[in-house]
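Contents: one structure, followed by commentary.
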Amino acid sequence: MKRFFKWLSICLAGVAALLFLAAVGLWFYLPYMNTYQAEGQLALPGLKAPVKVARDAKAMPYIHAQSMDDAMLALGFVTAQDRLFQMELLRLVATGRICELAGEKAKPLAMFFKTLGLYRNGRRMAANLGPKPKRFIQRYLDGVNHFIATRQDEYPLEFRLAGIQPTPWTPADCMSLQLIMSWNSSANLKTELAAQAIMDKVGPERAREIFPLNINPDEEPAPPAKTSALPAHTPLNLAGQELLPLLTTRGPLALGSNNWVAGSGLSKGGKPILANDPHLDSRILPGYWYPLAIITPHERLVGVGVPGIPGIPVGRNQHVAWGVTNAYGDCQDLYIETLDPNQPGHYLEGGKSIPFQIVEETLKIRDKEAPGGFREEKVKIRLTKRGPVVSGVLKGLKTGRVLSLRWAPLETLGSRLGLDEAMAAKSAKEFRDAIQGMRHFVLNYVFADTKGDFGWVVIGGLPIRGPGQGAVPHLVESSQDNWLGWIPDNQMPQALNPVRGWLGTCNHMTVTKDYPYYYSNRLAPSWRYRRLIQLMSSKGKKDARDHWRYQRDVKNLHAKLIAPILAKALEKNLQTKPLAELLAGWDYMDDKNAAAPLVFQAVYRQFALEVFTDELGEDLARYMLGIYYFWKERLAKNVVAGDWAWFDDVNTGDKKETRDDIIRRAGLKVLTELGDTLGKDPSTWRWGELHTLNLVSPIARTGPLAGWLGAWARPESGSESTLLRGIYDFNKPYEVIVFDSLRMVVDLADDEKVMAVIPGGATARLFNPHTTDQVNAYMSGRPVYWWFSDKAIKKHTVSVLTLTPESE
């Protein structure tokens, strides 16, 4: 018997060893299951001359072509090699076809984008482009389509796992992707809905007390926000109404960002330095940005693009560098349309009855019970002169009414793309004039050139509105257009070579009190920009590494203002005193390894809920509080002031609560809630225990495989209010959902390289090491480089693929 067990143990050990070796072998083999040809030679029909695609150790492509025309064709092919499945996912969302992949559960998302009509409008906008931008797009798509048509054996493994196949791309698809990126930088709708719902709930006068406060720190003391008096209140009883879901929830992308440029006089190298970190929900690997370089006899460009869209929206050429943030200019309006009670299918403009335009769309929905695995559903979309109807008939009103949506980018793009011209700019002024052709986005661009000029401009089409318009849905009472025209390009917010030697934007209020037009009522709180002012005003000239460090700065000036007030209130209760001690001893750094940042976030979050829930009700309070830009600056101002009617809990009868009463109430609830999760001693809590960044594969976003196929959840520093951005959903704390999707620092005195990193990698292929090989550097703050000079590119090249004309 002993011999038997000895023999059995030897056999089991052998089997275990074999399984281990098999697992190790499989692990090393997996990357080769999902790759493409990166070396040797391939034919690419349409080229006029051979194109060399060199890749560095992180698989970033450096495209050497004899013309930009050939470079775009090669870029399309190379992008498809790396990102075809990601492109397909983005296209399915933007064109309202996501049900083909995700089935019935994705129907609300599909219906939203079918209703908004990104594909319908993308087709129209593509047709209206001039010959040069049309060719710019088509050459890129020709490269994409050649890969799809000829390299089926190199399709990403994800297609087989998802059970879908790629199809050829059209200019309408490309424009649809541009429009979905633009849509998610157009963020005023939720603010309008919140303002309307609050007015419905508490009346206009009380509502005004909590409406957004927007501050330009460059104009201290802060002037009142540039908005006219609100129009007469039109009750809509929005609570419980049938609205398209994406009007009231965060969309698939969310865009923030920081960018700045320091002039030559503030830079050690004697030329401008530009920094940019766009903030997106980039949790799905490898992130939205695709790093690339293009070198021709006349151009040298390096930066990032968006898969499916040609061009480099963030980067540099041999003369100019550029970076982008969301400008939050208000380019969206909701309209209250009155149905004609006498003519079904009509709406009224004063006494004029107008028929809805009806557009019929087809949803193709994955359904394993249906023949062929799919079923089709016809839907009808109603359009007004202003845009699509985005609600059902509003309930509880005497008159039948619906909401329609108007969005400026669908009206403003003409025959130019703008970006193709800007990429060829030879000076800061040339870049500014060219990028203003990109009128289907509303963005802040900062830019600088090697001669020392630098500037900032808001691009896009912004309407000129009548008095008191833009803050809440507008009641249509006549056929007169309430958009009176468009703000001229030369009157859009901008600056060139300011005296202080630098400029920057952090999604904050950038316009001054004398700006002649309504700009927006949804802008970021001022604390990130205030911190940038502190850093840029510090003594001494800076180099690229200084700016790289600034991008990861975690000093929270909002907390510096508010935390001492919280500490003083919490100290007066024996149970909450430990929280007070942590806040009182804090340096206001949102460090993942510290307890105080978690205490501050948890107590202030609960405090905000307590302040507003009693009068707004929990659903409306949470909806409003989920829009950080709506309430954060306003509440902070009143916390500092100390006395505010909203601090009183109206549910406690004759008792009148003070600010400090509500702070202590919040502290007690936090002790209970976090104590159950993290332990009873707050000094042992850590911000990074709950504030985590979880980068996942599109194939397994949740469940047991999510960590193995992704990059695992990792503790993260920062917050909504710091330059190192780490925004969490107010109603689902504290996991990071919006963060730096890219960090880039361009020193125009450095002709060799650009400092840059993304939270993923160059490739979007399961098991491919270049899908996640930049994650560790991103999380640690270690610089990664885009190579710029011929010498540097050659030194770091690890593979070369030559694309040849078909005849060769």
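The values are calculated or read from the model by the stated rules, or taken from the named source; none is laboratory data. All values reported here derive from a predicted model rather than from experimental measurement. Methodologically, a virtual Cβ is constructed for each residue, glycine included, from the backbone with ideal geometry; neighbour enumeration extends over all protein chains shown. SASA here: full protein model, heavy atoms, side chains in, ligands and nucleic acids out. Shrake-Rupley method; radii C 1.70, N 1.55, O 1.52, S 1.80 Å.
When restricted to residues that are under 30 Å from Leu274 (Cβ atoms), assigned to a loop (DSSP other than H, G, I, E, B) and open to solvent by 80 Å² or more (accessible area, probe 1.4 Å), the range 550-591 contains 1. Can you spot a residue in the range 660-669 that is at pLDDT 95 or above, under 35 Å from the mean Cα position of the chain (by Cα), under 30 Å from Ser282 (Cα atoms) and open to solvent by 50 Å² or more (accessible area, probe 1.4 Å)? The answer is no; no qualifying residue exists. When the range 468-493 is filtered for residues that are open to solvent by 60 Å² or more (accessible area, probe 1.4 Å) and part of a strand (DSSP E or B), the ones remaining, listed by number, are Leu484, Trp486. Taking the numbered list (1) part of a strand (DSSP E or B); (2) exposed (fewer than 11 other Cβ atoms within 10 Å of the Cβ) in turn, Glu369 passes all entries but (1). Here Gln494 clears all of (1) at pLDDT below 95; (2) closer than 30 Å to Lys539 by Cα except the condition numbered (1).
Filter the range 729-764 down to residues that are of a type in the set (Ser, Thr, Tyr) and touching a strand residue (DSSP E or B) at 6+ places or on another chain (Cβ under 6 Å) and give me whichever is farthest from Pro286 (Cα to Cα). This residue is Tyr734. The set of residues from the range 755-801 being farther than 19 Å from Ala711 by Cβ and open to solvent by 40 Å² or more (accessible area, probe 1.4 Å) comprises Tyr785, Asp790, Lys791, Lys794, Lys795, His796, Thr797, Val798, Val800. Tell me which residues, restricted to the range 261-278, are in contact with a Leu (Cβ under 8 Å, 6 or more places away or on another chain) and either closer than 24 Å to Leu417 by Cβ or open to solvent by 30 Å² or more (accessible area, probe 1.4 Å) (or both). Correct list: Val261, Gly269, Lys271, Leu274, Asn276, Pro278. For the criterion of being among the hydrophobic types (A, V, I, L, M, F, W, C) and within 24 Å of Leu748 (Cβ to Cβ), Val784 passes. Residues that are buried (at least 19 other Cβ atoms within 10 Å of the Cβ) and among the basic types (Lys, Arg) were ranked within the range 432-457; the one that is farthest from the chain's Cα centre (by Cα) is Arg432.
Looking at Asp614, Asp587, just one residue is in contact with a strand residue (DSSP E or B) (Cβ under 9 Å, 6 or more places away or on another chain) and at pLDDT 95 or above, and that residue is Asp587. Could you check, for the range 458-466, whether at least one of its residues is open to solvent by less than 20 Å² (accessible area, probe 1.4 Å), part of a strand (DSSP E or B) and under 30 Å from Gly350 (Cα atoms)? The answer is yes; a qualifying residue exists.
If we scan the range 357-366, do we find a residue that is of a type in the set (A, V, I, L, M), over 20 Å from Leu193 (Cα atoms) and open to solvent by less than 10 Å² (accessible area, probe 1.4 Å)? Taking every residue of the range 357-366 in turn, at least one turns out to be of a type in the set (A, V, I, L, M), over 20 Å from Leu193 (Cα atoms) and open to solvent by less than 10 Å² (accessible area, probe 1.4 Å). Residues of the range 165-174 that are over 14 Å from Val93 (Cβ atoms) and either out of contact with any strand residue (DSSP E or B) (no Cβ under 9 Å at 6 or more places or on another chain) or modelled with pLDDT under 95 (or both): Gln165, Pro166, Thr167, Pro168, Trp169, Thr170, Pro171, Ala172.
The set of residues in the range 525-543 that are closer than 14 Å to Ile215 by Cα, out of contact with any Ser or Thr (no Cβ under 9 Å at 6 or more places or on another chain) and open to solvent by less than 40 Å² (accessible area, probe 1.4 Å) contains only Ser526. Of the residues making up the range 536-546, those that are assigned to a helix (DSSP H, G or I) and either in contact (Cβ under 8 Å) with a residue 24 or more places away in the chain or in contact with a His (Cβ under 7 Å, 6 or more places away or on another chain) (or both) are Met536, Ala544, Arg545.
With respect to the conditions (1) in contact (Cβ under 8 Å) with a residue 24 or more places away in the chain; (2) within 30 Å of Phe159 (Cβ to Cβ), Glu716 falls short on a single one, namely (2).
Filter the range 746-794 for residues that are of a type in the set (Gly, Ala, Ser) and in a loop (DSSP other than H, G, I, E, B) and give the result. Within the range 746-794, Ala749, Gly760, Gly761, Ala762, Ala764, Gly781, Ser789 qualify.
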